[in-house]
Amino acid sequence: QLAARFGTPDNVVTDGAVELRESALVLKNEGKQPRIFRDPKHFLANKLEALLKKDADYEAFTRCLGQSRSALQQTELAHFTPPPFKTKARFMNLAPTLAWAATVLWHLEHPDSASFREVSRERLGANLGWLRGVAASRARWQT
(Lines give C-alpha, C1' and ligand atoms only; values in the text may rest on other atoms or scores of the structure.)
Protein backbone atom coordinates (compact mmCIF):
# COMPACT_ATOMS: atom_id res chain seq x y z
CA GLN A 1 0.00 0.00 0.00
CA LEU A 2 2.85 2.39 0.80
CA ALA A 3 4.60 1.63 -2.47
CA ALA A 4 1.35 2.18 -4.35
CA ARG A 5 0.70 5.45 -2.56
CA PHE A 6 4.21 6.96 -2.48
CA GLY A 7 6.12 4.94 -5.04
CA THR A 8 8.63 2.19 -4.65
CA PRO A 9 11.58 3.21 -2.50
CA ASP A 10 14.99 3.05 -4.14
CA ASN A 11 16.62 1.48 -1.10
CA VAL A 12 15.50 -0.37 2.02
CA VAL A 13 17.72 -0.92 5.03
CA THR A 14 16.97 -3.95 7.21
CA ASP A 15 18.67 -5.72 10.10
CA GLY A 16 19.02 -8.85 7.97
CA ALA A 17 16.10 -10.78 9.42
CA VAL A 18 14.44 -12.99 6.81
CA GLU A 19 10.97 -11.63 7.53
CA LEU A 20 12.17 -8.07 6.87
CA ARG A 21 14.01 -8.97 3.67
CA GLU A 22 10.92 -10.78 2.40
CA SER A 23 8.73 -7.80 3.27
CA ALA A 24 11.06 -5.48 1.37
CA LEU A 25 10.89 -7.73 -1.70
CA VAL A 26 7.10 -7.28 -1.76
CA LEU A 27 7.59 -3.54 -2.32
CA LYS A 28 8.11 -4.21 -6.02
CA ASN A 29 5.90 -1.80 -7.92
CA GLU A 30 5.60 -1.09 -11.65
CA GLY A 31 8.55 -3.36 -12.36
CA LYS A 32 10.80 -1.49 -9.95
CA GLN A 33 12.23 -3.24 -6.93
CA PRO A 34 14.22 -1.55 -4.15
CA ARG A 35 17.80 -2.47 -3.38
CA ILE A 36 17.98 -4.12 0.02
CA PHE A 37 20.86 -3.28 2.32
CA ARG A 38 21.75 -4.58 5.74
CA ASP A 39 22.46 -1.94 8.31
CA PRO A 40 26.14 -1.94 9.36
CA LYS A 41 25.50 -2.32 13.08
CA HIS A 42 23.54 -5.56 12.71
CA PHE A 43 25.84 -6.84 10.00
CA LEU A 44 28.95 -6.34 12.15
CA ALA A 45 27.22 -7.73 15.25
CA ASN A 46 26.43 -10.91 13.33
CA LYS A 47 30.06 -11.19 12.20
CA LEU A 48 31.20 -10.69 15.81
CA GLU A 49 28.75 -13.34 16.99
CA ALA A 50 30.13 -15.82 14.45
CA LEU A 51 33.66 -15.23 15.77
CA LEU A 52 32.84 -15.27 19.47
CA LYS A 53 30.68 -18.38 19.37
CA LYS A 54 33.83 -20.30 18.39
CA ASP A 55 35.82 -18.83 21.30
CA ALA A 56 35.87 -21.11 24.35
CA ASP A 57 37.07 -18.20 26.54
CA TYR A 58 34.05 -16.16 25.51
CA GLU A 59 31.67 -19.01 26.31
CA ALA A 60 33.28 -19.32 29.76
CA PHE A 61 33.06 -15.54 30.18
CA THR A 62 29.31 -15.52 29.51
CA ARG A 63 28.71 -18.42 31.93
CA CYS A 64 30.66 -16.63 34.66
CA LEU A 65 28.77 -13.40 33.97
CA GLY A 66 25.48 -15.10 34.72
CA GLN A 67 26.83 -16.73 37.86
CA SER A 68 28.34 -13.46 39.07
CA ARG A 69 25.12 -11.60 38.47
CA SER A 70 23.24 -14.02 40.70
CA ALA A 71 25.98 -14.15 43.34
CA LEU A 72 26.47 -10.38 43.67
CA GLN A 73 22.94 -9.04 43.64
CA GLN A 74 21.74 -7.97 47.08
CA THR A 75 25.18 -8.36 48.66
CA GLU A 76 27.85 -5.89 49.70
CA LEU A 77 29.28 -6.38 46.19
CA ALA A 78 26.04 -5.42 44.43
CA HIS A 79 27.71 -2.32 42.96
CA PHE A 80 29.88 -4.73 40.94
CA THR A 81 26.96 -6.66 39.46
CA PRO A 82 27.50 -7.05 35.71
CA PRO A 83 25.13 -5.23 33.39
CA PRO A 84 22.18 -7.31 32.18
CA PHE A 85 23.34 -9.61 29.41
CA LYS A 86 20.67 -9.40 26.75
CA THR A 87 19.91 -12.60 24.95
CA LYS A 88 18.69 -10.75 21.89
CA ALA A 89 21.14 -8.34 20.28
CA ARG A 90 23.77 -9.21 22.87
CA PHE A 91 26.56 -8.76 20.34
CA MET A 92 25.34 -5.24 19.66
CA ASN A 93 25.49 -4.50 23.37
CA LEU A 94 28.83 -6.07 24.21
CA ALA A 95 30.62 -2.76 24.91
CA PRO A 96 28.96 -2.10 28.32
CA THR A 97 29.79 -5.62 29.48
CA LEU A 98 33.42 -5.28 28.41
CA ALA A 99 33.60 -1.85 30.09
CA TRP A 100 32.25 -3.43 33.29
CA ALA A 101 34.93 -6.14 33.08
CA ALA A 102 37.67 -3.52 32.59
CA THR A 103 36.41 -1.56 35.60
CA VAL A 104 36.27 -4.62 37.84
CA LEU A 105 39.72 -5.73 36.70
CA TRP A 106 41.07 -2.31 37.63
CA HIS A 107 39.51 -2.62 41.07
CA LEU A 108 40.90 -6.13 41.47
CA GLU A 109 44.36 -4.67 40.89
CA HIS A 110 43.61 -1.86 43.36
CA PRO A 111 41.93 -3.62 46.30
CA ASP A 112 42.44 -0.57 48.50
CA SER A 113 39.99 1.46 46.42
CA ALA A 114 37.03 2.95 48.24
CA SER A 115 34.74 0.43 46.52
CA PHE A 116 36.09 -2.35 48.72
CA ARG A 117 36.03 -0.76 52.16
CA GLU A 118 33.48 -3.23 53.46
CA VAL A 119 34.65 -6.26 51.45
CA SER A 120 37.37 -8.76 52.30
CA ARG A 121 39.99 -9.56 49.65
CA GLU A 122 39.00 -13.23 49.89
CA ARG A 123 35.35 -12.48 49.13
CA LEU A 124 36.37 -10.18 46.32
CA GLY A 125 38.58 -12.86 44.76
CA ALA A 126 36.00 -15.58 45.24
CA ASN A 127 33.29 -13.61 43.42
CA LEU A 128 35.19 -11.63 40.82
CA GLY A 129 38.63 -13.19 40.58
CA TRP A 130 37.57 -15.22 37.55
CA LEU A 131 37.93 -12.04 35.50
CA ARG A 132 41.71 -12.24 35.81
CA GLY A 133 41.58 -15.44 33.78
CA VAL A 134 39.85 -13.72 30.87
CA ALA A 135 41.73 -10.40 31.00
CA ALA A 136 43.81 -11.12 27.89
CA SER A 137 40.79 -12.40 25.97
CA ARG A 138 38.72 -9.38 27.03
CA ALA A 139 41.36 -7.08 25.59
CA ARG A 140 41.22 -9.08 22.33
CA TRP A 141 37.41 -8.91 22.19
CA GLN A 142 37.52 -5.18 22.72
CA THR A 143 39.67 -4.51 19.67
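Structure notes:
- FRET efficiency for L2 and N93, using Cβ-Cβ distance with R0 set to 22 Å, rounded to 0.05: 0.10
- In the elastic network of the chain, a GNM with C-alpha springs shorter than 10 Å, the most mobile of A101, A78, A56 is A56.
- Distance from the stretch 30-49 to the stretch 95-143 (C-alpha centre basis), Å: 37 Å
- Across the stretch 1-72, counting alpha-carbon atoms alone, Rg and Dmax equal 19.5, 60 Å.
- With protein chains left intact and a 1.4 Å probe, residues in the stretch 34-141 average 60 Å² of accessible area per residue.
- Length gained when the stretch E59-L25 is fully extended (0.36 nm per residue, less Cα-Cα span): 8.6 nm
- Volume per residue of the convex hull around the Cα atoms, evaluated for the chain, comes out as 144 Å³.
- Were the residues from A17 through T81 laid out at 0.36 nm apart, the gain over their Cα-Cα distance would be 19.8 nm.
- Annotated for the chain: lysine pairs at least 8 residues apart or interchain, Cα distance under 20 Å, count 9.
- Only protein atoms count toward the accessible area here, which uses a 1.4 Å probe; on the chain, the carbon and sulfur part of that area reaches 54 percent.
- Couplings 3J(HN,Hα) for the stretch 41-58, derived from phi with the Karplus relation 6.51 cos²θ - 1.76 cosθ + 1.60 (θ = phi - 60°), are 5, 5, 4, 5, 5, 5, 5, 4, 4, 4, 6, 6, 5, 8, 9, 4, 5, 5 Hz, where x marks Gly and Pro.
The values are calculated or read from the model by the stated rules, or taken from the named source; none is laboratory data. Source: prediction; values computed, not measured. Reconstructed Cβ throughout: ideal geometry from the backbone, glycine too, with neighbour counts over all protein chains shown. The area values use the complete protein model at the heavy-atom level, side chains included, leaving out ligands, DNA and RNA. Shrake-Rupley method; radii C 1.70, N 1.55, O 1.52, S 1.80 Å.
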